[in-house]
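Scroll down for the structure; my scribbles are underneath it.
The values are calculated or read from the model by the stated rules, or taken from the named source; none is laboratory data. None of these values were measured; they are calculated from a predicted model. Neighbour counts run over all protein chains shown; Cβ positions are idealised from the backbone, glycine included.
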Amino acid sequence: MPGHMSSLRPRIGSIPLCILTSCYILLFCNNTFWRKATDYLGSGSGSLWALYLAMLALFVAVITPFSTKYLVKPVLIFLILVAAVASHFTDTFGALFDSDMIRNAMETTPAEAQHLITSEFIVHVAIFGILPSLVIGWAKVDHRPFMRKVFWNLTAILASLAIFGICGVTYSREYTAAVRQRRDIAKSVNPVAPIVSTVRYVLNAGKEASIVVQPVGADATVKPSDPPINKPRVTIIVAGETARAENFSLGGYPRETNPRLKAANVIYFPNTTSCGTATATSVPCMFSRFTRADFTHAKAMANETLLDVLAHAGIDVAWFDNNTGSKGVADRVQYLDLANSKDPRFCQYGECLDGIFLDKLDGWLDHVKGDSVLVLHQLGSHGPAYYLRYPEHQGRFVPDCRTPELGKCSTGEIVNAYDNSILYTDDFIATIIDRLKSRSGKMATGLIYMSDHGESLGEKGLYLHGTPYMFAPSQQTHVPFLTWFDNDFSKSMDLDTACLRKEALAATSHDNLFHSVLGMMNVETSVYDKRLDVFAKCRSRNS
């Protein structure tokens, strides 16, 4: 019987197996790549047919060197599995894999990841990854003697490179223009893009491991208010998650998604852009002294943050988190992780609604003794499980998508669920403002809210976030930003709020947060840049 089963196994040479695997990956795991290439080059064009041939030749040239006896199957199976996993996200959400996307994936939590490991994902990987991998594992690969293998492998590689070169030269003008104008096409190639980006991430992580954090703003001091405010000055910074400005009614969205904040008379900055399109980039950038143009992840790791500067000035600083951590921002200040709480009022499926903050906020405010800053890092509107970001009974916009498998919902249902999450954030921030107002007799209070990045809800075939910044649509980079102050806090800043409402219409960005918070807290330091403080023009002493 074993001999009979062995005779049923298909036999194939190592080079033909590499060619067939290359064909399979290109045809079945690169739908997004071919759709984009077809859109740009034109269906049926000579340049498109040549691209098929060139890509096949390039894959064969890259894979063939691994076609040795004990290496060929593991390598081919690895490539197929990576391509299958990546193709689900590129085809379903329009995701592109660069180093920032890989970093975001590496830093995600099991609770966050569970919403992406859906039945659609499992079926896709089973059909396009596991099934062909089993076929490769079952097949018997014939290998030539060593010297003949070297000869034929080298022949296959050189022939493939020649075909690739001929196609490239023949249509060089079209391909060069495509790479320059549509760089997202190349970033859609599976499994090349995710593998290359992962290697880059690992290499950078190795370099960053030896970084020593340098002090920033060690000279910081708090300038006394004039006239004096004889009570603590308290700022709450709400670091929003996945809120896009396009769905904030404060900025003109026709649906009323911000009724309570509108009633709270907040000052809204409608033209604000983010530093990145994913938390792992945006949060460190927001709280760093670097502008988006100067920011790198390595720089963020090598320099203290806004919170450190505030602490140097003698201000009490804390960070409460209901997300995936502070990304290094709060490493040297008081930190409270609420994401793993078990409070049944707010928590299920390993995640918590942002209402989990409120009791802790009250306790923190009750113990304020001097000038203080508290950061609340929201779970906000993080997808794709938007329906878990608000209590079901508060879902005003219905029918709402009640599954993380967005392909099972209509666009309207997805938007309804997302808008309900924004409505919950509106209620959450307004409740914080109410808590601050109730303490106005004991402290001067202010609030600043800024989202880390936006979200795509199907526009241009994109969902979620994390698209490389140069390709990202405005839905992922246009973010909400607002402030609120009680009268004593405005006086302590010498702030003309009527002036600020006018100035708020100007273009702002994550670049402004670091310097604006220092301005709010009257902190003087050499790293403060008045030009990036959104309040500076409306403070009479600084005019």
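Points worth noting:
- Among the criteria (1) more than 30 Å from TYR528 (Cβ to Cβ); (2) modelled with pLDDT under 90; (3) over 39 Å from the mean Cα position of the chain (by Cα), the one ILE229 does not fulfil is (1).
- Identity of the residue in the stretch 200-210, exposed (fewer than 14 other Cβ atoms within 10 Å of the Cβ) and of a type outside the set (D, E, K, R), that ends up modelled with the highest pLDDT: VAL202
- Yes/no for VAL125 being assigned to a helix (DSSP H, G or I), touching a residue at least 40 places away in the same chain (Cβ under 8 Å) and in contact with a helix residue (DSSP H, G or I) (Cβ under 8 Å, 6 or more places away or on another chain): yes
- The stretch 1-14 residues that are closer than 21 Å to TRP152 by Cα and at pLDDT 90 or above, paired with ones that are among the small types (Gly, Ala, Ser) and surrounded by 10 or more Cβ atoms within 10 Å (Cβ to Cβ) (beta carbon under 7 Å, 6 or more apart): ILE12/ALA139; SER14/SER67
- Pair list, Cβ under 8 Å, 6 or more apart: the stretch 179-205 residue within 16 Å of LEU41 (Cα to Cα), other residue part of a loop (DSSP other than H, G, I, E, B) and of a type in the set (A, V, I, L, M, F, W, C): ARG183/MET470; ARG183/PHE471; ASP184/LEU96; ASP184/PHE471; SER188/LEU96
- Every condition in (1) assigned to a helix (DSSP H, G or I); (2) within 24 Å of TYR390 (Cα to Cα) is met by GLY466 except one, and the failing one is (1).
- Matching residues in the stretch 502-543 - criterion: being among the acidic types (Asp, Glu) and in contact with a Gly (Cβ under 7 Å, 6 or more places away or on another chain): ASP533
- Taken together, ALA61, ALA86 contain a single residue that is touching a Leu at 6+ places or on another chain (Cβ under 7 Å), in contact (Cβ under 8 Å) with a residue 40 or more places away in the chain and either under 30 Å from TRP138 (Cβ atoms) or assigned by TED's automatic domain parsing to the domain that holds TYR463 (or both), which is ALA61.
- Subset of the stretch 13-52 [among the aliphatic types (A, V, I, L, M) and closer than 30 Å to HIS143 by Cβ]: ILE15, LEU17, ILE19, LEU20, ILE25, LEU26, LEU27
- Within the stretch 469-494, the set of residues being closer than 22 Å to PHE287 by Cβ and not polar (S, T, N, Q) comprises TYR469, ALA472, HIS478, VAL479, PRO480, PHE481, LEU482, TRP484, PHE485, PHE489, MET493.
- Some residue of the stretch 84-103 being at pLDDT 85 or above, in contact with a strand residue (DSSP E or B) (Cβ under 8 Å, 6 or more places away or on another chain) and in a helix (DSSP H, G or I): yes
- Hits in the stretch 56-76 (condition: within 17 Å of LEU158 (Cα to Cα) and either among the aromatic types (Phe, Trp, Tyr) or in a helix (DSSP H, G or I) (or both)): LEU56, ALA57, LEU58, PHE59, VAL60, ALA61, VAL62, ILE63, THR64, PRO65, PHE66
- Candidates are the residues of the stretch 399-437 that are small (Gly, Ala, Ser), assigned to a helix (DSSP H, G or I) and over 20 Å from the mean Cα position of the chain (by Cα); the one that is farthest from SER381 (Cα to Cα) is GLY407.
- Exactly one residue out of ASP226, ASP142, ASP219, ASP184 is within 28 Å of LEU96 (Cβ to Cβ) and acidic (Asp, Glu): that is ASP184.
- Any hit, the stretch 160-173, residues being closer than 16 Å to SER67 by Cα and not charged (D, E, K, R): yes
- For the stretch 205-214, the condition holds for no residue, the condition being that it is under 20 Å from LEU374 (Cα atoms), touching a strand residue (DSSP E or B) at 6+ places or on another chain (Cβ under 6 Å) and not assigned by TED's automatic domain parsing to the domain that holds SER381.
- Some residue of the stretch 283-290 being more than 23 Å from ILE429 (Cβ to Cβ), surrounded by 16 or more Cβ atoms within 10 Å (Cβ to Cβ) and either in contact with an Asp or Glu (Cβ under 7 Å, 6 or more places away or on another chain) or among the hydrophobic types (A, V, I, L, M, F, W, C) (or both): yes
- Condition check for SER225: outside any helix (DSSP H, G or I) and within 30 Å of GLU524 (Cβ to Cβ): yes
- Where helices (runs of 4 or more DSSP H) fall wholly inside the stretch 270-387, the ranges with 3 or more residues that are in the same structural domain as ARG501 (by TED's automatic domain parsing), over 21 Å from LEU513 (Cβ atoms) and hydrophobic (A, V, I, L, M, F, W, C) are 356-366.
- Some residue of the stretch 438-456 being closer than 26 Å to LYS231 by Cα, at pLDDT 95 or above, polar (S, T, N, Q) and surrounded by fewer than 24 Cβ atoms within 10 Å (Cβ to Cβ): yes
- Among residues of the stretch 291-317, those that are polar (S, T, N, Q) and surrounded by 18 or more Cβ atoms within 10 Å (Cβ to Cβ), counted: 2
- When the stretch 54-90 is limited to residues that are buried (at least 21 other Cβ atoms within 10 Å of the Cβ) and not hydrophobic (A, V, I, L, M, F, W, C), the one that is farthest from the chain's Cα centre (by Cα) turns out to be SER67.
- Scan the stretch 162-199 for residues that are surrounded by 15 or more Cβ atoms within 10 Å (Cβ to Cβ) and either outside any helix (DSSP H, G or I) or not polar (S, T, N, Q) (or both) and the total you get is 22.
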